[in-house]
Each structure stands twice: as structure tokens, then as C-alpha cells.
Amino acid sequence: MEILKRIADALQQGDDQRVGALTTEALGAGLPAGDILQQGLVAGMNVVGEQFRLREIFLPDVLLAARAMYAGLDLLKPHLAAEGVPSRGKVVLGTMKGDLHDIGKNLVGIMLKGAGFEVIDLGHDVAPEVFVDAAVREGATLIGMSALLTTTMTRMREVVALVRERGLAGKVRTIVGGAPVNADFAREIGADDYACDAARAVDRVRALLGA
Amino acid sequence: MREIVRFAKHEAVPEAREVLAAQGLPEEVALAPRLRRILDEAMSTAATLVEPRAVCEDLSADRFASVLAPLGVPADDLVVGRVYPRAEGLALFVATLGEALPGRIRQLFDEDALAEGWMLDAVASAGADLLADRLAERFRHALVARGMDDARVLPYSPGYCGWPTRGQRPLFDALRPEEIGVTLNDSCLMSPIKTVSGVLVAGPGEAHRFRPDFPFCHDCQTHECGWRMASVLGKA
């Protein structure tokens with residue numbers, strides 16, 4: 001559909017007003033909200049994510065696109081609920097206890113929402129048990145942990161251990177990120193995965209959850 | 001001597017190129033117009049909203065030992081613990097950009113002005129680091145005036161290189177930065193958020209040299225200690 005491509009193009013331009021107007025137009029034309037989401041908004045974000053990975057655009061470009069995504073998503077939400085369109089999965093995110101650097105975690109949340117995931121953001125200074133309690137309470141299938149400080153990244157290990165202790169391994173996956181963290185560290189602490197930036201986090205979460 | 005330092009606003013606003021470089025963005029000349037606009041707005045907002053101030057106090061090695069002691073960690077197990085006995089001068093510091101700028105950043109994110117919020121956060125982070133650098137330079141000048149011509153100053157902060165975040169508590173007890181509006185929460189995190197703290201360690205470049213073979217070095221991926229040491233081991 002031409003209008004879905006125009007939505008995707010407007011989103012790539014970070015034009016939130018145009019995305020909103022086109023989404024309204026598409027809904028008015030009777031297109032299913034699920035199609036507008038997947039073939040318009042998510043398709044546009046996928047291109048943005050790929051351009052970011054290839055370093056053709058930069059993080060602020062991605063954020064402008066994300067804002068445009070929200071403009072469309074806000075209009076779609078009631079229709080998605082009415083159509084019974086499920087989210088791609090529920091994710092709990094937070095920055096580790098003793099750490100208040102949450103901008104990276106916020107970016108991951110923005111990108112995940114843009115990709116159609118439901119995000120429970122626990123904020124910063126989050127204790128290990130709070131991550132796991134929230135995942136159980138919310139029925140989330142993935143815990144995302146962020147740290148900037150070298151002294152707080154070690155607490156990620158405690159979350160992974162708690163997931164195992166509570167018999168949630170395999171049911172609740174874990175992924176880590178942040179400046180001092182890498183794939184080796186993730187493997188060493190037993191996390192399911194690592195993402196070096198927000199765009200890749202979306203890919204990794206999709207892979208982990210089969211979404 | 002304990003000193004409250006009031007900076008001019010412009011002293012807390014970093015160069016645009018530093019902000020861009022820190023975020024992996026291209027140089028200003030290559031920046032897309034829409035990003036240029038966001039950067040310009042962020043720099044302008046920061047210049048208006050920063051309320052830069054600091055508290056700094058030089059102290060003896062014995063007194064600094066008493067700041068580390070409540071941690072119950074052998075000093076030799078921390079980078080700063082191994083470095084400070086070689087120092088010719090030490091000064092505790094807390095420097096902040098104030099509450100208005102972080103408040104504006106939160107507001108932008110709340111309004112889904114994500115790119116603008118992110119850019120302003122980047123400017124603020126660089127600005128907070130700039131204040132620490134300015135304090136280090138002030139300290140160095142003071143030491144040179146006392147005849148320590150070869151003094152090289154580096155800031156060391158809780159949260160890095162093994163110095164636990166809970167090390168903020170005794171540092172705050174000693175320095176009392178509440179006077180400049182900086183407080184700690186139960187997790188020893190500072191408010192306002194764009195605040196830096198630690199100890200300025202002054203000495204010959206060699207005073208800062210250490211072998212990064214601490215247990216926590218194994219987990220560290222930034223290896224910032226390398227260029228930090230390099231920055232003070234060269235010629236002045």
C-alpha cells in the first residue's frame with residue numbers, strides 16, 4: 001500500500017507530524033492498525049535501525065525517527081487493542097543498583113518500543129531482586145540490564161544468578177549492555193546475550209525471544 | 001583549605017566538537033542541518049541553565065586515608081589507594097552543574113523530545129567533566145605557585161577503578177557539599193545528577209602509574225586508565 005510506504009518514509013525523515021497525519025489517514029481509509037504498525041511504522045524503524053548499524057545515520061537521527069514512531073503508535077494503540085494485536089513480547093529494563101546513568105537504557109527502551117515490544121522501565125539504581133520480581137509480576141520474558149560504572153556492572157551477575165535460583169532460566173532471558181560491558185563479560189556471568197548499542201539490542205532481543 | 005568555587009556559566013559549557021566526538025558524531029562541518037540545529041539548541045540551553053559550582057578542599061594523606069578507611073577495603077586493593085601515598089598534593093572535590101539543566105533534560109524526554117534530550121544530556125555530561133578538569137587545573141596552578149612545577153593532576157572518583165560508590169559517604173562527610181546543593185541518596189548516588197566527585201591527586205606523572213592487574217580490571221572494558229596515565233606521563 002502506497003500510504004504505508006509514505007508512513008515509513010516520513011518516519012525515516014523523523015517527521016512526527018507527517019507520520020501522525022498519515023497514520024490518521026490510513027486509519028480513516030480502513031486499513032487494519034496491525035498493518036499500519038508492521039508495514040508502516042515498524043518497517044520504517046527497521047530501515048532506520050539498519051542505517052544506524054551501517055553508520056549512515058547517527059543516534060539523534062534514530063531518536064527523531066523514534067519520536068515519529070511514537071506519534072503514529074499513540075494513534076494506533078486503541079485500534080491495536082481492539083483488533084487484539086499482541087505485542088512482540090514484554091521486556092523489563094533497568095540500570096543496576098548504585099548506578100544512575102540511565103540514558104543508554106532509555107535509548108534501548110525507545111528502540112524496543114519502536115520495534116513493537118512492551119517495555120517495563122524500572123529506572124535506575126535497581127536492585128537485583130527488583131529486576132526478577134518485576135519480570136515475574138509483569139510476565140516479562142526478558143530482563144535487560146545496563147551499567148556505566150565498572151563498580152556496578154558486577155551486580156548483573158547477581159540478577160542472572162537469581163533468575164536461575166528461582167527456576168526461571170530459559171523462561172526469562174537476560175541481556176546486558178553499557179559502556180564497561182562486552183560479550184565476554186556477558187558469557188562469563190551467564191547472561192543470555194549482550195548488545196553494544198540500542199539498535200543491536202533490538203536485534204538481539206528479537207533473536208532471544210523469537211519475535 | 002576548603003573553598004567554594006563559583007564558575008561562570010561559560011566555563012561549564014564544553015566545546016561543540018568535544019560533545020560530538022564523545023558521542024561518535026561527525027565534525028560540525030559534516031553534521032546534517034537537523035542535527036546541527038539540535039546541537040545548537042542544546043549548547044544554548046546549557047549555557048542558560050547551568051549553575052556551575054564546586055567545593056574543594058586540600059587535605060593530607062593521613063586525612064584522605066580516613067576517607068577510604070570506612071570502606072573496610074585495603075587501600076592497596078584500590079587504584080586510588082595505591083596512588084595517593086605517592087601524591088604531593090590531594091584535594092577532595094564535588095562539582096555540579098546544578099538542578100535546572102537535568103530538570104530540562106528530564107522534561108525533554110518526558111515530552112518525547114528524545115533527540116533534543118539526548119543531545120542536551122551529552123552536553124551536560126561533557127560539561128560536568130569539564131568542571132572536574134577546571135578544578136584539576138586550578139589545583140595544579142596552586143601547586144605550581146608553591147613550587148611544585150612538575151605537578152600532574154588527575155581526578156579519581158568513586159564508582160571507578162575499584163573505588164565503590166559507597167565511598168561517596170565518607171567523602172561527603174569530609175567535604176560537606178550540601179553547601180553547594182549536592183546530596184546523596186541511600187544508594188550513595190548524587191543529586192543533582194550532573195555532578196562529579198572524587199579526589200584530585202597531584203604529583204609527578206609517575207605518581208599516577210599503576211599496573212592494571214586489579215581483580216576489577218578483568219571486568220573493565222573501557223581501559224580508560226591507559227590514556228589517563230599517558231596524559232600525565234608525557235612532557236608538560
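Laboratory data are not the source of any read-out in this text; all were calculated from the coordinates shown. Since the structure is predicted, the reported quantities are computational estimates derived from the model, not experimental observations. As a convention, Cβ positions derive from the backbone with ideal geometry for all residues, glycine included, and neighbour counts pool all protein chains shown.
Placing a pseudo-label 7 Å from each Cα along the Cα-to-Cβ vector at B:GLU27 and A:VAL130 gives an inter-label distance of 4.4 nm. Looking at the protein assembly as shown, the pairs of alpha carbons with a distance over 44 Å make up 16% of the total. Three principal axis extents of chain A based on alpha-carbon atoms, in descending order, are 51, 36, 25 Å.
Peptide A:117-130 is shielded by partner chain Cβ atoms: per residue, an average of 1 of them sit within 10 Å of its Cβ. Each peptide in B:73-81, B:44-52, B:198-206 receives the mean, over its residues, of other Cβ atoms within 10 Å, and ordering these scores from highest gives B:198-206, B:44-52, B:73-81. As a rough guide to protection, the peptides B:7-14, B:161-168 ranked by mean Cβ packing within 10 Å, highest first, stand as B:161-168, B:7-14. If you take all C-alpha pairs in chain B, what percent of them are over 29 Å apart? Pairs farther apart than 29 Å: 31 percent. The order of the peptides A:74-83, A:140-149, B:31-40 by mean Cβ neighbours within 10 Å, most packed first, is A:140-149, B:31-40, A:74-83. A simple count of charges around B:MET229, restricted to other residues whose Cβ falls under 12 Å of its Cβ and scoring Lys, Arg +1 and Asp, Glu -1, yields +2. Partner shielding of B:120-127 amounts to 1, given as the average count of beta-carbon atoms from other chains within 10 Å of each residue beta-carbon. So what does the Cα-only Debye profile of the range A:34-150 read at q = 0.20 Å⁻¹, as log10 I(q)/I(0), no solvent term? Scattering profile of the range A:34-150, log10 relative to I(0): -1.11. Listed cross-link partners A:LYS5/A:LYS113; A:LYS105/A:LYS171; A:LYS77/B:LYS194; A:LYS5/A:LYS90; A:LYS77/A:LYS171 are compared with a 31 Å cut-off, the Cα-Cα value being larger for A:LYS77/B:LYS194. Think of chain A as having a plus end and a minus end, set by charges on the Cβ of Lys, Arg, Asp and Glu; of A:LEU93, A:GLY40, A:ASN106, A:LEU93 sits farthest toward the positive end of this dipole.
So which trypsin sites (Lys or Arg not before Pro) in the range B:197-236 pass both tests, a DSSP loop state and at most 10 other Cβ atoms within 10 Å of the Cβ?
B:LYS235
Charge dipole of the range B:83-202 (Cα centre as origin; +1 on each Lys and Arg Cβ, -1 on each Asp and Glu Cβ, all else neutral): 500 debye, rounded to the nearest 20. Computed from point charges on the beta carbon alone (+1 for Lys and Arg, -1 for Asp and Glu), the dipole magnitude for chain B about its Cα centre is near 440 Debye.
So if I take the centroid of the Cα atoms in the range A:173-192 and the same for the range A:105-123, what is the distance between those two points in Å? Rounded to whole Å, the Cα centres lie 18 Å apart. Sum up the charges of everything whose Cβ sits under 15 Å from the Cβ of A:HIS79, counting Lys and Arg as +1 and Asp and Glu as -1, but leave A:HIS79 out. Overall, the nearby charge balance is -3.
Between the residues B:GLN107, B:ALA174, B:PRO158, the greatest Cα displacement towards the positive end of the dipole of chain B, with unit charges on the Cβ of Lys, Arg, Asp and Glu, is found for B:ALA174.
Across peptide A:60-67, the average count of Cβ atoms from other chains found within 10 Å of a residue's Cβ is 6.
Report the charge-dipole magnitude of chain A in Debye, nearest 20, computed about the Cα centre from +1 at each Lys and Arg Cβ and -1 at each Asp and Glu Cβ. Present the calculation step by step, with values, prior to reporting the outcome.
Details: 23 positive and 27 negative charges, 79 e Å.
The dipole magnitude comes to about 380 debye.
In a shell of Cβ-Cβ distance under 13 Å around B:PRO102, excluding B:PRO102 itself, what net charge do Lys and Arg (+1) and Asp and Glu (-1) give?
Working: positive: B:ARG104, B:ARG106, B:LYS194; negative: A:ASP102, B:GLU51, B:GLU99, B:ASP110, B:ASP121.
Net charge in that neighbourhood comes out at -2.
Our note on the geometry: Cα centres of the range B:183-236 and the range B:14-75, 14 Å apart. When chain B is described by a simple charge dipole with +1 on each Lys and Arg Cβ and -1 on each Asp and Glu Cβ, the residue from B:ALA46, B:MET119, B:ALA69 located farthest towards its positive end is B:ALA69. Our Cα-only numbers for the range A:87-157 put the radius of gyration and Dmax at 11.4, 35 Å. Taken along its three principal axes, the alpha carbon spread of the range B:1-113 comes to 54, 28, 28 Å, from the longest extent down to the shortest.
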